[in-house]
Amino acid sequence: MSEGSQRKSLIAGFLNCVRHTPQNPALELGDLVLSYRQLWEHAGRITACLNSEVSASEKLVALWAGRSVAAYSGILGILASGRGYVPLNPKFPLERTLYMLKASRCRAVIVGQECQELVKSLVRCLDAQYTFLAPDEACKLDPVLFSPHRLITARSLTTIANPVDPRVQEDDIAYLLFTSGSTGLPKGVTVGQSNVAAYMAYAAERFGIRPGDRCSQNFDLTFDLSVHDLFTSWNAGATLCPFIEQTLTPATLIEEKELSVWFSVPSVAMFASRLGMLQPGVFPSLRWSLFCGEALPASLAATWQEAANNSILENLYGPTEATIAITHYRWSSERSPGESAGGLVPIGWPFAGQQVRVVDEELNFVPEGEVGELCLGGSQVTPGYLNDPAKTAKSFVRLRDQGDKLWYRTGDLVRQDERGCLSYIGRRDFQVKINGYRVELQEIELVLRAAARTEMAVAVPWPFSDGSASGVVGVITGSKEADDKAIISACESRLPRYMVPSRIYHLERMPLNVNGKIDRPKISEMLSDWSEA
């Protein structure tokens with residue numbers, strides 16, 4: 001690869017802050033505050049270990065940790081070694097974590113103290129040799145239990161005093177994330193250094209994060225919006241303030257930490273509103289309020305804007321395959337209520353340098369004002385799915401009169417007005433947002449059918465409103481397994497918590513539409529009737 005294809009790594013901004021503003025606070029985790037220099041001391045030990053103990057051919061390293069020093073320093077340490085990171089979620093079932101680890105082909109895993117019991121179960125399921133790195137001093141793991149794998153503990157680590165920018169190529173993977181898959185298996189999305197560099201460059205210009213800013217961190221590290229949290233903050237020398245679920249509500253976090261930048265899914269704001277926390281002027285410290293991950297109701301945007309009356313509110317949109325977010329809409333209390341079709345805030349216009357097209361089922365462009373599927377193009381669009389050319393070819397397509405350029409088919413139905421502004425209408429398929437997570441209902445149904453031992457099982461997002469849901473229920477017929485608790489327990493062993501049905505409903509027969517397909521809208525109507533009864 002040519003010298004001209006080399007570029008700065010995602011971590012370059014952080015390392016620059018370590019050199020020039022080392023005493024500035026980088027991470028405020030509960031009562032613990034780490035400066036840029038102190039955070040690098042943790043990360044540098046991991047970098048040194050990876051450089052000396054892991055083959056240079058290993059381009060991805062897994063990270064299994066919660067919101068802890070090990071998690072944040074682990075990401076930085078991996079990136080500083082010139083590798084990409086693969087976050088694993090401690091809340092996910094072991095079977096799903098095992099699949100993600102094997103699919104990524106990682107052979108090195110960084111383990112936080114909070115996962116030390118989980119990793120004992122994991123090692124018994126591995127059929128290849130792995131290197132495990134436990135950087136926490138308090139982590140008590142016995143190397144004997146890991147045989148034939150390697151366990152490297154904190155006692156063996158030494159730091160790199162002065163950080164050096166890693167040499168990366170533009171097509172090197174910065175991180176690998178897994179999204180819900182319609183075949184029952186998660187899809188690995190490879191996000192290149194060039195993809196995330198394009199996003200970060202635009203975000204830096206758009207939002208102007210600066211030293212002194214205090215930025216929220218609400219998203220799980222397996223959710224790509226977390227990349228925005230971490231690196232718009234650290235690239236600018238700001239302070240990252242993660243939300244620790246056990247101690248605060250998100251609204252309390254804003255007040256106690258005096259945050260200036262907020263980023264979350266709308267569901268978090270809905271929760272705060274229901275608790276009566278969004279009184280006018282309650283968040284005077286905020287200068288940016290950003291929402292993404294699911295449809296944003298206009299009524300909620302208006303309420304939040306009154307609560308954060310000094311902030312600029314923006315609605316962002318973008319799938320993982322287009323790197324974090326790729327369109328934006330800035331809320332105006334005077335103009336936006338009238339522009340919010342169906343009560344939802346528009347998703348707006350593409351970032352500078354990125355492109356959108358609205359097409360029909362044959363991928364022909366549709367006229368302004370008509371509903372069609374949104375396709376995305378530009379430097380943020382990722383190369384495709386890891387080791388899955390068939391799925392990649394299905395979702396990354398060429399459009400007529402657009403040459404060889406690849407466009408990502410989002411499956412989202414939108415309408416574009418004469419100004420080019422996009423409004424979200426719904427999904428083309430059965431993919432939905434549950435608490436901000438993108439979920440294929442078919443994946444839940446595959447697990448539900450096996451758990452209930454029936455061929456007729458439907459997963460229904462419920463309750464469902466404004467394009468997203470706060471949970472899911474299962475509707476089944478002909479089940480040989482009548483114990484609903486056992487069915488739910490079986491689902492819990494294979495699915496993340498947000499995908500597990502909260503309740504099972506039994507029908508004598510499934511309602512069908514005129515085409516002989518399961519009538520999902522009818523099932524939703526039935527659920528509504530049952531909930532009101």
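Checking the stated criteria, residue 368 turns out not to satisfy the condition of being in contact with a strand residue (DSSP E or B) (Cβ under 9 Å, 6 or more places away or on another chain), acidic (Asp, Glu), surrounded by fewer than 22 Cβ atoms within 10 Å (Cβ to Cβ) and in a strand (DSSP E or B). One residue stands out among those in segment 213-236 that are in contact with a helix residue (DSSP H, G or I) (Cβ under 8 Å, 6 or more places away or on another chain) and in a helix (DSSP H, G or I): the one that is farthest from residue 382 (Cα to Cα), which is 234. Remark: pairs (first residue in segment 145-164, farther than 14 Å from residue 133 by Cβ; second residue at pLDDT 90 or above and in a loop (DSSP other than H, G, I, E, B); Cβ separation under 7 Å; 6+ apart in sequence or on different chains) = 148/129. Here 479, 423 are screened, and the one residue that is over 29 Å from residue 268 (Cα atoms), touching a helix residue (DSSP H, G or I) at 6+ places or on another chain (Cβ under 6 Å) and polar (S, T, N, Q) is 479.
Hey, any hits in segment 66-77 for a residue that's assigned to a helix (DSSP H, G or I) and under 27 Å from residue 492 (Cα atoms)?
The answer is yes, given that some residue of segment 66-77 is assigned to a helix (DSSP H, G or I) and under 27 Å from residue 492 (Cα atoms).
Among residues of segment 87-100 that are farther than 15 Å from residue 223 by Cα, those with a beta-carbon under 8 Å from a residue that is modelled with pLDDT under 90 at least six positions away or on a different chain give the pairs 96/186; 99/185; 99/186.
With the condition kept exactly as written, say whether any residue in segment 213-224 is of a type in the set (Gly, Ala, Ser) and within 21 Å of the chain's Cα centre (by Cα). Checking segment 213-224: at least one residue is of a type in the set (Gly, Ala, Ser) and within 21 Å of the chain's Cα centre (by Cα). Please determine whether any residue of segment 159-175 is crowded, with 22+ Cβ neighbours inside 10 Å and within 16 Å of the chain's Cα centre (by Cα). Scanning segment 159-175, I find at least one residue that is crowded, with 22+ Cβ neighbours inside 10 Å and within 16 Å of the chain's Cα centre (by Cα), so the answer is yes. For residue 249, are the conditions met, namely being crowded, with 22+ Cβ neighbours inside 10 Å, in contact with a helix residue (DSSP H, G or I) (Cβ under 9 Å, 6 or more places away or on another chain) and not hydrophobic (A, V, I, L, M, F, W, C)? No: the conditions fail for residue 249. A single entry from 206, 210 fulfils the requirement of being basic (Lys, Arg) and either surrounded by 21 or more Cβ atoms within 10 Å (Cβ to Cβ) or assigned to a helix (DSSP H, G or I) (or both): 206. Residue 356 meets each of the listed conditions (1) without any contact (Cβ under 8 Å) to a residue 12 or more places away in the chain; (2) outside any helix (DSSP H, G or I) apart from (1).
A quick yes/no check of all residues on (1) in contact with a helix residue (DSSP H, G or I) (Cβ under 6 Å, 6 or more places away or on another chain); (2) in contact (Cβ under 8 Å) with a residue 40 or more places away in the chain; (3) in a helix (DSSP H, G or I):
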{"site": "381", "(1), (2), (3)": "yes, yes, no"}
{"site": "387", "(1), (2), (3)": "no, yes, no"}
{"site": "397", "(1), (2), (3)": "no, no, no"}
{"site": "400", "(1), (2), (3)": "no, no, no"}
{"site": "418", "(1), (2), (3)": "no, yes, no"}
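Against the numbered list (1) of a type in the set (Gly, Ala, Ser); (2) in contact with a helix residue (DSSP H, G or I) (Cβ under 7 Å, 6 or more places away or on another chain); (3) at pLDDT 95 or above, residue 9 comes up short only at (3). Put simply, of 306, 314, 321 the only residue that is surrounded by fewer than 16 Cβ atoms within 10 Å (Cβ to Cβ), at pLDDT 95 or above and outside any loop (DSSP other than H, G, I, E, B) is 306.
Any residue at all in segment 32-47 that's under 16 Å from residue 229 (Cβ atoms) and among the β-branched types (Val, Ile, Thr)? Within segment 32-47 (the criterion being under 16 Å from residue 229 (Cβ atoms) and among the β-branched types (Val, Ile, Thr)), the answer is no, since none of the residues qualifies.
When segment 277-296 is filtered for residues that are in contact with an Asp or Glu (Cβ under 6 Å, 6 or more places away or on another chain) and either within 16 Å of residue 263 (Cα to Cα) or β-branched (Val, Ile, Thr) (or both), the ones remaining, listed by number, are 285, 290, 295.
Counting only residues that are in contact with a helix residue (DSSP H, G or I) (Cβ under 8 Å, 6 or more places away or on another chain) and either surrounded by fewer than 16 Cβ atoms within 10 Å (Cβ to Cβ) or in a strand (DSSP E or B) (or both), segment 330-353 holds 6 of them.
The set of residues from segment 339-379 being polar (S, T, N, Q) and under 18 Å from residue 420 (Cβ atoms) comprises 340, 354, 355.
State the number of residues belonging to segment 114-156 that are in a loop (DSSP other than H, G, I, E, B) and under 18 Å from residue 94 (Cβ atoms).
8
Conditions (1) at pLDDT 90 or above; (2) in a helix (DSSP H, G or I), marked per residue:
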residue	(1), (2)
451	yes, yes
454	no, no
458	no, no
476	yes, no
479	no, no
486	yes, yes
490	yes, yes
495	yes, no
501	yes, no
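Being in contact (Cβ under 8 Å) with a residue 60 or more places away in the chain and either among the hydroxyl-bearing types (Ser, Thr, Tyr) or at negative phi (or both) is the requirement here; does residue 218 meet it? Answer is no for this residue. Please verify whether segment 89-100 includes one or more residues that are outside the structural domain of residue 227 (by TED's automatic domain parsing), under 18 Å from residue 150 (Cα atoms) and either modelled with pLDDT of 95 or more or under 22 Å from the mean Cα position of the chain (by Cα) (or both). Yes, segment 89-100 contains at least one residue that is outside the structural domain of residue 227 (by TED's automatic domain parsing), under 18 Å from residue 150 (Cα atoms) and either modelled with pLDDT of 95 or more or under 22 Å from the mean Cα position of the chain (by Cα) (or both).
In segment 516-529, the residues that are in the same structural domain as residue 505 (by TED's automatic domain parsing) form Cβ pairs under 9 Å with partners that are assigned to a helix (DSSP H, G or I) and modelled with pLDDT under 85, at six or more places apart or across chains, as follows: 520/441. Tell me, yes or no, whether segment 158-171 has at least one residue that is within 30 Å of residue 436 (Cα to Cα) and not aromatic (Phe, Trp, Tyr). Scanning segment 158-171 turns up at least one residue that is within 30 Å of residue 436 (Cα to Cα) and not aromatic (Phe, Trp, Tyr). Among the residues of segment 47-64, not one is assigned to a loop (DSSP other than H, G, I, E, B), at pLDDT 95 or above and of a type in the set (Gly, Ala, Ser).
The values are calculated or read from the model by the stated rules, or taken from the named source; none is laboratory data. Computed from a predicted structure; not experimentally measured. Neighbour counts are summed over all protein chains in view; Cβ atoms, including those assigned to glycine, are modelled from backbone coordinates with ideal geometry.
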